[in-house]
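The values are calculated or read from the model by the stated rules, or taken from the named source; none is laboratory data. Computed from a predicted structure; not experimentally measured. Positions of Cβ are backbone-derived with ideal geometry, glycine not excepted, and every protein chain shown enters the neighbour counts.
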Amino acid sequence: MTKRSYNFNAGPAALPLEVLEKAQSEFVDFRESGMSIMEMSHRGAIYESVHNEAQERLLSLLGNPSGYKVLFLQGGASTQFAMIPMNFLGEGQQANYVKTGSWANKAIKEAQLIGKTHVAASSESDKYMKLPELSSLQLSEQPAYLHVTSNETIEGTQFKEFPDTGSIPLICDMSSDILSRPFDLSQFAMVYAGAQKNLGPSGVTVVLAREDMISSSPKHLPTMLRYDTHVGNNSLYNTPPSFGIYMINEVLKWIEARGGLEGVQELNRKKAELIYNEIDNSEGFYQGCVDPASRSHMNVTFRLGSEELEKAFAKASEQEGFIGLKGHRSVGGLRASIYNAVPYESCEALVNFMKQFQEQHA
Ligand SMILES: *Cc1c(COP(=O)(O)O)cnc(C)c1O
C-alpha cells in the first residue's frame, strides 16, 4: 500500500487521497484523448468543459447566488492584494481593512502602495490573538471597500461571522478556509483564495466576484491586472493553469460527495475539537495561542512551556511521521493545519502523539 504521511502542512497542503488517485488514473490518457490534460489546448472542447464545470460546481456548492462570476487567476492571493486596490480604489477614496494579523498586514501593505488606506478594526493590541469585534467597525469617510481576512493562517484565528457593510463592497481573503464551511456569498462583493490550502494545488487563485464589481476596470491598468480582462474572456485571456483547475474540479466533486459544505464543516469541527480538547485538557502542558472564541478550525496554533520543548516536540513528531507541525517562522510555537483534506485519523494520531509526548516530558 502507498505510504501517506500525517500531513499538517500549512500550504501547499494535504489533498484528498481519492482525488490524487483519480488524477493518477487518468493522468496519461484523459477522457480517451490520448494525452494528459496538461498536454492539450486550453481552447479545445475537452479542457473547456473541465474549466466550465469547475466554475459551475463552485457556484453550485455556494447555492448559486445570482450575478456572481468565478475567475481562475495566477500570481497567488498575494497578487490579489495589489489587484484589489488597483481595480477598486478610486481618487479621494480610502481602502478599509480589518487588521487581524500577518496576511491582513500584507494586504494593507500592498494597498498602501496604490492609494490611501484606513484600518477599520484591529487586533494588534491583542497581538492578533483575539479577533476584533466587527460590530464596532470604524469605517473611513469615503470607503472604496472593506477587506477582511476570514482565517489568519499564521496566528490561527478565524471569523465566525462577517459584518453587514450595506452598500460598501465587502471583500474577503478566504485563502485558508474557503469551502471549509457554508457561507453566504451574496454578503460579499468579492471573495478570493489561493488554491493550495483548501482547493487544490498551488498555481491557481480562485476569485468569486459580483459581476458588476469586475466588469469595468480603470483604463490605465495593464491588461493582466484588470478584472474586466478575465471576466470578459472567461479566465481564458491567456493560458490558464489548466492542470490546477482540473484538480480543483476534482476536489469540488470530492466535497460534494461528502455532503457539500455542511458535510465538510461538521468533519472540520470534529477534527478541530479533538485537538483543542487535547490542548485544553493537558493541564497547561500545551497552551492554545488564541483566545478560545477566535480559534480557527483550520490552523490550530499552540505552544509548550519552553522553546526547547517545542523543538523537541517538532523533532519527535517528524520521527513519528508527522509533517508540518512547526509554527510559522515569524511567530514560533507549533501549528497543525487541518484543512478539508486532512483526515480525522491524522488528527487522532496527532492527539495520541501529544498524549505520549506529554507523558514523557511533563
Ligand atoms: C497562504 C495565504 C495567502 C498567500 O497566498 P499565495 O497564494 O501564496 O499568494 C494569503 N492569504 C492567506 C490568508 C493565506 O493563508
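The set of residues from the stretch 119-174 being without any contact (Cβ under 8 Å) to a residue 40 or more places away in the chain and part of a strand (DSSP E or B) comprises Val119, Ala120, Ala121, Ser122, Leu170, Cys172. Here the stretch 175-223 is the region considered, the condition is being of a type in the set (D, E, K, R) and not in a helix (DSSP H, G or I), and the residue that is surrounded by the most Cβ atoms within 10 Å (Cβ to Cβ) is Lys197. All of Val50, Val70 fail the test of being away from the ligand (no atom under 16 Å from the Cβ), part of a strand (DSSP E or B) and either assigned by TED's automatic domain parsing to the domain that holds Pro143 or of a type in the set (S, T, N, Q) (or both), apart from Val70. The condition (being touching an Asp or Glu at 6+ places or on another chain (Cβ under 8 Å), at pLDDT 95 or above, assigned by TED's automatic domain parsing to the domain that holds Ile275 and closer than 23 Å to Asn198 by Cα) is satisfied by just one residue among Met354, Met298: Met298. Within 16 Å of the ligand (Cβ to nearest atom), closer than 22 Å to Tyr128 by Cβ and among the acidic types (Asp, Glu): does that describe Glu152? Yes. The residue of the stretch 254-263 that is nearest to the chain's Cα centre (by Cα), among those that are over 13 Å from Leu15 (Cβ atoms) and part of a helix (DSSP H, G or I), is Leu261. Determine, yes or no, whether Ser41 is out of contact with any Lys or Arg (no Cβ under 9 Å at 6 or more places or on another chain), over 30 Å from Gly324 (Cβ atoms), among the small types (Gly, Ala, Ser) and without any contact (Cβ under 8 Å) to a residue 60 or more places away in the chain. For Ser41, the condition - out of contact with any Lys or Arg (no Cβ under 9 Å at 6 or more places or on another chain), over 30 Å from Gly324 (Cβ atoms), among the small types (Gly, Ala, Ser) and without any contact (Cβ under 8 Å) to a residue 60 or more places away in the chain - is met.
Take the conditions in the same structural domain as Asn268 (by TED's automatic domain parsing) and within 26 Å of the chain's Cα centre (by Cα) and apply them to Ala316. Does it pass? No.
If you check Leu62, Leu58 for being in the same structural domain as Met224 (by TED's automatic domain parsing) and under 13 Å from Ile248 (Cα atoms), only one passes: Leu58. Here the stretch 297-313 is the region considered, the condition is being of a type in the set (Asp, Glu) and surrounded by fewer than 17 Cβ atoms within 10 Å (Cβ to Cβ), and the residue that is farthest from the chain's Cα centre (by Cα) is Glu308. Have a look at Ser123, Ser102, Ser135 and point out the one that is within 16 Å of the ligand (Cβ to nearest atom) and surrounded by fewer than 17 Cβ atoms within 10 Å (Cβ to Cβ). So the residue among Ser123, Ser102, Ser135 that is within 16 Å of the ligand (Cβ to nearest atom) and surrounded by fewer than 17 Cβ atoms within 10 Å (Cβ to Cβ) is Ser102.
Of the residues making up the stretch 210-223, not a single one is touching a helix residue (DSSP H, G or I) at 6+ places or on another chain (Cβ under 8 Å), acidic (Asp, Glu) and within 16 Å of the ligand (Cβ to nearest atom).
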